[in-house]
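The values are calculated or read from the model by the stated rules, or taken from the named source; none is laboratory data. Computed from a predicted model, the values in this text were never measured in an experiment. Glycine also receives a Cβ, built like all others from the backbone with ideal geometry; neighbour counts cover every protein chain displayed.
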Amino acid sequence: MAISNNWVMEIDQAAHRYLSSAFASVLAQLLSMRPDMAAKALADPRPIHKQVYAALTPPDRPEYAGNYRGSAFASLENSVVASAFNETEGTRILALPTQIDSLMQDYAAWTLSVSREWPRSLPAALKLYSRLMIAFGFIHPFQDGNGHIQRLTFQYLIERAGFSMAPAWSIHPCPYGEPVHRVLAAGNLDALVALLQPFVLE
């Protein structure tokens, strides 16, 4: 679970419906685009994040939508985020705000490279795209909404590779529980692949 010192999005039923619809629309847009253009949109997800989250940010914090932690806003410049599951396991500090810009440049290049690969099997696709999920989860570039961008990217790449998502999968609400969050936080690639595999159909 992500813990922020500023904004953790509060979700009511109207917001649930909005997010489900918004991300379904974004996914459809990406799948209708040329693959190179869709990859560019996912490599720098700030416009997508702003498009979706501008309606959900606190009234006095519109900059939370579409801007990375570490950006030149008083609310984001020094925003530190940690992952924690309970009070006894401790916390893990994720990427520092001063690292976000550089790390996201690397992530963008990696996303573009991955998008040019065509995995020949489902296990190969799961391993390739799960690595991206782990990297994005550690960077945690946005104040909130990072998991949605992770799942959007994963689903787009899986579907573009010719596979499909099981009915249990969704970008919103989150389709998996604590076990997946734990292995994401730990960066355990093999465990993440095993947990995600039931959500993908050949």
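Structure notes:
- You will find that of I134, I158, I149, the residue that is in contact with a His (Cβ under 7 Å, 6 or more places away or on another chain) and either crowded, with 20+ Cβ neighbours inside 10 Å or in a helix (DSSP H, G or I) (or both) is I149 and no other.
- Scanning the range 137-146 for residues that are among the polar types (S, T, N, Q) and not in a helix (DSSP H, G or I) turns up just one, Q143.
- The residues on offer are A194, A109, A168, A125, and the sole one that is more than 30 Å from P58 (Cβ to Cβ), in a loop (DSSP other than H, G, I, E, B) and modelled with pLDDT of 95 or more is A168.
- Residues of the range 6-64 that are closer than 17 Å to N146 by Cα, at pLDDT 95 or above and acidic (D, E): D44, E63.
- Residues in the range 118-143 that are more than 20 Å from A186 (Cα to Cα) and hydrophobic (A, V, I, L, M, F, W, C): W118, L122, A124, A125.
- Condition met for L184 (modelled with pLDDT under 95 and surrounded by 21 or more Cβ atoms within 10 Å (Cβ to Cβ)): yes
- Criterion violated by N78 - all others in (1) of a type in the set (S, T, N, Q); (2) buried (at least 17 other Cβ atoms within 10 Å of the Cβ); (3) part of a loop (DSSP other than H, G, I, E, B) satisfied: (2)
- Those residues of the range 81-100 which are modelled with pLDDT of 90 or more and surrounded by 14 or more Cβ atoms within 10 Å (Cβ to Cβ), in sequence order: L94, A95, L96, P97, Q99, I100
- Residues being in contact (Cβ under 8 Å) with a residue 12 or more places away in the chain, in contact with a strand residue (DSSP E or B) (Cβ under 7 Å, 6 or more places away or on another chain), among the aliphatic types (A, V, I, L, M) and surrounded by 13 or more Cβ atoms within 10 Å (Cβ to Cβ) are entirely absent from the range 51-67.
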